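Right, one structure below, let's go through it.
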Amino acid sequence: MPRLAVGDTAPDFTLPTADGGSVTLSDLRGEHVVVYFYPAAGTPGCTKQACDFRDSLASLQGHGYRVVGVSPDGVDKLAAFARAEELTFPLASDTDKGVLEAWGAWGEKSSYGRTVTGVIRSTVVVAPDGTVELAQYNVKATGHVAKLRRDLGID
């Protein structure tokens, strides 16, 4: 699956969210949007990453960034995850994996020495004009948000 690169137009999407609503990327034009893709709600790595975004949310928002998490989990699982971890940013459900594929976050990856097909933990920052400002693939769950903040110049 091809990956997005700086300057590419971010593919638009509308996905259902954990809170019973939906999120449409084009509705967020004019803002910086951090879209992060993670394999499974409630797993240790994904929980660590989501909580890091939660704990950094005020600072990210203060610098003009919105956060949207995307996984192939259904909305019920995402809702339980959001409640359990007190996540206040949108968690979007991409059960057919169309958005994951369009954004280069679905494909072959190495897991414990085996090649498997699944979610490639990724983060893409979309500029206010809808283009890719930053694209990071195969990121680590632990420490990723701190690195992203450094890359964006947010202390």
Separation in nanometres of the label points that stand 7 Å from Cα toward Cβ, at Glu85 and Leu152: 1.6
Dipole magnitude (debye, nearest 20) for the stretch 87-155, charges at Cβ of Lys, Arg, Asp, Glu: 400
Summed residue charge, Cβ within 12 Å of Arg83's Cβ, Lys/Arg positive, Asp/Glu negative: -3
With only helices counted (DSSP H, runs n ≥ 4, each -39500 (n - 2.57)), the per-residue ellipticity at 222 nm for the chain, to the nearest 500, works out to -8500 deg cm²/dmol
Positive-pole candidate from His32, Ile154, Thr17, dipole of the chain, charges at beta carbon: Ile154
Dipole magnitude (debye, nearest 20) for the chain, charges at Cβ of Lys, Arg, Asp, Glu: 560
Quickly work out the Asp96-to-Asp55 label distance, labels modelled 7 Å from Cα along the C-beta direction, and quote it in nm with one decimal. 3.8
Which is farthest toward the positive dipole end of the chain among Gly45, Ser111, Gln61, measuring Cα position about the Cα centre, with Cβ charges +1 (Lys, Arg) and -1 (Asp, Glu)? Ser111
For the stretch 37-52, 3J(HN,Hα) per residue [Karplus equation, 6.51 cos²θ - 1.76 cosθ + 1.60, θ = phi - 60°, Hz, x = Gly/Pro]: 10, 9, x, 7, 4, x, 7, x, x, 5, 5, 4, 5, 4, 5, 5
Quick one: which residues, 5 or more positions from Val67 or on another chain, have an amide H under 5 Å from its amide H? H modelled 1.01 Å from N in the peptide plane, none for Pro or chain starts. Val34
Explain nothing, just compute: Karplus ³J(HN,Hα) = 6.51 cos²θ - 1.76 cosθ + 1.60, θ = phi - 60°, for every residue of the stretch 136-149 in order, whole Hz, x for Gly and Pro. 10, 10, 6, 7, 8, 5, 7, x, 5, 5, 4, 5, 4, 4
With charges only on Cβ, +1 for K and R and -1 for D and E, what is the dipole size of the stretch 1-85 about its Cα centre, in debye, rounded to 20? 120
Quick one: what are the phi-derived ³J(HN,Hα) couplings along the stretch 2-18, Karplus 6.51/-1.76/1.60 with θ = phi - 60°, whole Hz, x for glycine and proline? x, 9, 6, 10, 3, x, 5, 6, 5, x, 5, 7, 10, 10, x, 10, 4
Any idea how far apart Thr9 and Ser111 come out in nm if each label point goes 7 Å out from Cα toward Cβ? 3.4
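Any read-out appearing in this document is the output of simple, stated calculations on the displayed coordinates, not a laboratory observation. Model, not experiment: these values are computed from the prediction. Backbone-built Cβ (ideal geometry, glycine too); neighbour counts: all protein chains shown.
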